Amino acid sequence: MSAFDLEEVEEAFRHFWHTGMIREDWNAWADLFTEDVIYDERVLGTMRGRETVRAWIVPLMEQYGEIYGVYDWHMADPSGRVVFRMVNRRDHPSGEGVIDFPGITILQYAGNNQWSSEEDYWAEKLGVKQFQAYAKALEEHDPGHRNARTRRHWGNGPDWTIGKPSYWDWSDRQRP
């Protein structure tokens, strides 16, 4: 594996996080991968190529737009390897609390602000429980909550991991 300046890897990771988890610009996020990226999503399968990843992530994140990623920790090294733990979060439709499930991702930096591989591991059983709990809470509290796309509980990560209180709070977004 190539050696990179650790500061470059860290900066590329912060940009990766901001583009996807904070801005939720999934087209721009897909552009952060090399054309020949290998993306291993341990539950949904292996994807090869940037356009395959884009064709998967854009509609997926539109379908599940109420989910947002909350930073827990990361580590990076000069080989370009970055490992991070995050929480897939939905704000509770009652307005009180959250419904979470964790995941870990392994990225490989390729230079030039691009990533050549990603491996995602998430707690599948907890993800199913979260989905079921959220569906029940929608029925009980606010059936339209999914469209609000609230992001009220970003956790205690560094400032660069904290987004706005709603997906719609970005000036370039318009509600459907």
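Can you tell me which aspartates and glutamates have their Cα less than 16 Å from the Cα of residue 125? Leave out same-chain residues fewer than eight positions away.
Residue 125 reaches 41, 100.
Say we join alpha carbon atoms closer than 10 Å with springs in a Gaussian network model of the chain; which of 31, 120, 159 then has the biggest fluctuation?
159
Longest exposed-loop-site-free stretch of the chain, with chymotrypsin sites (Phe, Trp or Tyr not before Pro), DSSP loop and at most 14 other Cβ within 10 Å?
In the chain, the maximal stretch lacking such sites is 65-169.
Which value, in debye to the nearest 20, gives the size of the charge dipole of region 6-167 about its Cα centre, when Lys and Arg are +1 and Asp and Glu are -1 at the Cβ?
440 debye
Most mobile of 20, 111, 95 per a Gaussian network model of the chain (Cα springs, under 10 Å)?
Fluctuation is largest for 95.
Let me have the relative contact order for the chain, percent, based on Cα pairs under 8 Å that are six or more residues apart.
Value for the chain: 22 percent.
Under 15 Å from the Cα of residue 164, which aspartates and glutamates turn up, not counting those fewer than eight places away in the same chain?
24, 25, 66, 91, 172
Let's test the formula: R0 of 35 Å, r as the Cβ-Cβ distance of residue 75 and residue 141. What FRET efficiency results, to the nearest 0.05?
It comes to 0.40.
Filter the chain for me: DSSP H helices, axial length by Cα at least 18 angstrom, mean Kyte-Doolittle hydropathy not below -1.0. List them by residue number.
Helices meeting the criterion: 50-63, 124-140.
List residues of region 73-107, by number, whose backbone nitrogen lies under 17 Å from a label position 7 Å along Cα→C-beta of residue 124.
Correct set: 101-105.
Gaussian network model of the chain, Cα springs within a sub-10 Å range: biggest mean-square fluctuation belongs to which of 128, 53, 82?
So, out of 128, 53, 82, the one fluctuating most is 128.
How would region 129-176 be classified by its alpha-carbon gyration tensor: rounded, prolate or oblate, with rounded meaning a/c under 1.5 and the a/b versus b/c comparison settling the rest?
Oblate, because a/c is 1.5 or more while a/b does not exceed b/c.
Can you give the calculated 222 nm mean residue ellipticity of the chain, where each DSSP H run of n ≥ 4 adds -39,500 (n - 2.57) and the sum is split over every residue, rounded to the nearest 500 deg cm²/dmol?
Calculated at 222 nm, the ellipticity per residue is -9000 deg cm²/dmol.
Placing +1 on the Cβ of each Lys and Arg and -1 on the Cβ of each Asp and Glu in region 115-176, which of 115, 155, 170 has its Cα farthest towards the positive end of the resulting dipole?
Farthest towards the positive end: 170.
When a/c reaches 1.5 or more, the comparison of a/b and b/c decides; with that in mind, is the chain rounded, prolate or oblate per its Cα gyration tensor?
Taking the square roots of the gyration eigenvalues as a ≥ b ≥ c, the chain is prolate.
Between rounded, prolate and oblate, where does region 7-66 land on the alpha carbon gyration tensor, with a ≥ b ≥ c its root eigenvalues, rounded for a/c under 1.5, else prolate if a/b exceeds b/c?
Judged from the Cα gyration tensor, region 7-66 comes out oblate (a/c at least 1.5, b/c at or above a/b).
Taking every pair of alpha-carbon atoms in region 27-94, give the share separated by more than 13 Å as a whole percent.
Considering region 27-94, 74 percent of its Cα-Cα pairs are separated by more than 13 Å.
Computed from the coordinates by the stated procedures, all read-outs in this text should not be read as laboratory data. Nothing here was measured: the structure is a model prediction, and the numbers come from that model. A quick note on method: Cβ atoms are made from the backbone with ideal geometry, for glycine too, and the neighbour counts reach across all protein chains shown.
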